[in-house]
Amino acid sequence: MTLAQILLEWYDLRGRDLPWRRNPTSYSTLVSEIMLQQTRVEAVLPLYERFMGRFPSIQVLAAASQDEVLTYWQGLGYYSRARRLHQAAQIIVAEHDGSIPHNKETLRSLPGIGDYTCGAMLSIAFGKPEIAIDGNLLRIGARLFLIQDPINRMKIKAQIQAKFKELVPTERPGDFNQALMDLGSAICLPKNPRCEECPISHHCQAYFKGAVLALPIKDAPKPPVPVQVRLYLVESQGAILFRKREFGGFLQGMWELPWCEIPSQISRTALKVAEEHNWLSPKLEPCDPLEIYEMEYVFSHRHWFMTIFHYNVTDQFYTPKEKDTLYLWQPIDAIDEIALPTVFKKALKMRP
């Protein structure tokens, strides 16, 4: 039997029972694959069901507001994925009559569709012999093919992808990809691989060489950049002031407490997304903060060292509508109704 045949036989017996696999559609595959980017299956499961319950079709998703989509994405993080999924849905409805394109170039051009998601969609949803290469497959490939160079280099990733592409069967390519995904999550683990239970161990060069634990090799990632952040927690009459920026990159499109990064000796550049036109600081200058808190939060590429200024003001002062920026006085007892990143939820817990 070929490696693909062995793996598919194992998958038929051991494959995970996941809701998006039971009655798969191109839409359910798209939603699940976007959710699974950089997120564990266990975290996705309850939120996938809730999301699909509210947005059962791509037409419903496209017609929804971005705020509502972000609210139903809460708990998954990496909110840019939700915005891009929403944008992709709108393009698919407007330009492709609601049918997800199965042409590789067209699919790859949609917002949020990278090489991995494109490969997963083409193989799982449309039965095309493509490989969906992610971190799990890079690890499996490093061991299977005895790749002794860092797998997070583009050249090595392309090498592993090409080797897997040769193995993809023309029949059941989607199941082949999902079998590899399950193998990486249950058998070919990063630290304690269960080689004796692996259905393809006899094809694994690292297994024969006794090198499984030494692979994969990775270049050390760059640590998150440390930055100083000034954050404003302003409340008035039982409501808290929030802001939403439609542009600006980092955390755009999310409701947030107003903040800005402060240049320092460590980080000489800052993201200029503070109070636009400096309108907020003058409003707060006559007031003494109730408290000043200190808090840290680590994103994938930034390490925030926050100083949180907690104010309680008498009036809900005028909040200008700046270009591409909205402000909102949200009742404290209704904060759960807006999409709010975890960092700001934690900051709000600093309140007495």
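Any read-out appearing in this document is the output of simple, stated calculations on the displayed coordinates, not a laboratory observation. Since the model is a prediction, treat every value here as computed from it, not as a measurement. Because the Cβ atoms are built from the backbone with ideal geometry, glycine has one as well, and the counts that use them run over all protein chains shown.
Can you pull out the trypsin sites (Lys or Arg not before Pro) in region 8-55 that DSSP calls coil and that have at most 14 other Cβ atoms within 10 Å? Qualifying residues, ordered by number: 16, 40. Leaving out same-chain residues fewer than 8 places away, which aspartates and glutamates sit with a Cα under 15 Å from that of residue 244? Within reach: 67, 68, 256, 275, 276, 322, 324, 337.
Cβ-to-Cβ counts within 10 Å put 188, 198 in ascending order as 198, 188, the fewest first. Under the classification rounded if a/c is under 1.5, otherwise prolate if a/b is larger than b/c and oblate if not, where does region 150-189 fall, given a ≥ b ≥ c as square roots of the Cα gyration tensor eigenvalues? In terms of gyration-tensor shape, oblate. Taking every C-alpha pair closer than 8 Å and separated by at least 6 residues, the mean separation divided by the residue count of the chain gives a relative contact order of 16 percent.
For region 292-352, the relative contact order works out to 26 percent when only alpha carbon pairs closer than 8 Å and six or more residues apart are counted.
Highest mean packing first, where packing is the average number of other Cβ atoms within 10 Å per residue, the peptides 42-49, 200-207, 284-291, 127-134 line up as 127-134, 200-207, 42-49, 284-291.
Neighbour counting of Cβ atoms within 10 Å sorts the residues 32, 300, 109, fewest neighbours leading, into 300, 109, 32.
Taking Cβ atoms as reference points and 9 Å as the exclusive limit, the residues near residue 184 contribute a net charge of -1, counting Lys and Arg as +1 and Asp and Glu as -1. Applying a threshold of 30 Å to the alpha-carbon distances of 321/349; 283/323; 222/283; 222/346; 157/209; 104/323 flags 222/283; 104/323 as lying beyond it. The residues packed around residue 120, meaning those with a beta-carbon under 9 Å from its beta-carbon, carry a net charge of -3 if Lys and Arg are +1 and Asp and Glu are -1. Here the spin labels are modelled as points 7 Å beyond Cα on the Cα-Cβ line, and at residue 292 and residue 1 they lie 6.8 nm apart. Annotation: average projected area of the chain is 20.6 square nanometres, based on the convex hull of Cα atoms across all directions.
Mind running the shape call on region 225-348? Use the C-alpha gyration tensor, a ≥ b ≥ c as the square roots of the eigenvalues: rounded below 1.5 for a/c, prolate if a/b tops b/c, oblate otherwise. Since a/c stays below 1.5, the shape of region 225-348 is classed as rounded. Amide H to amide H, with H built 1.01 Å from N, residue 312 comes under 5 Å of 235, 290, counting only residues 5 or more places away or on other chains.
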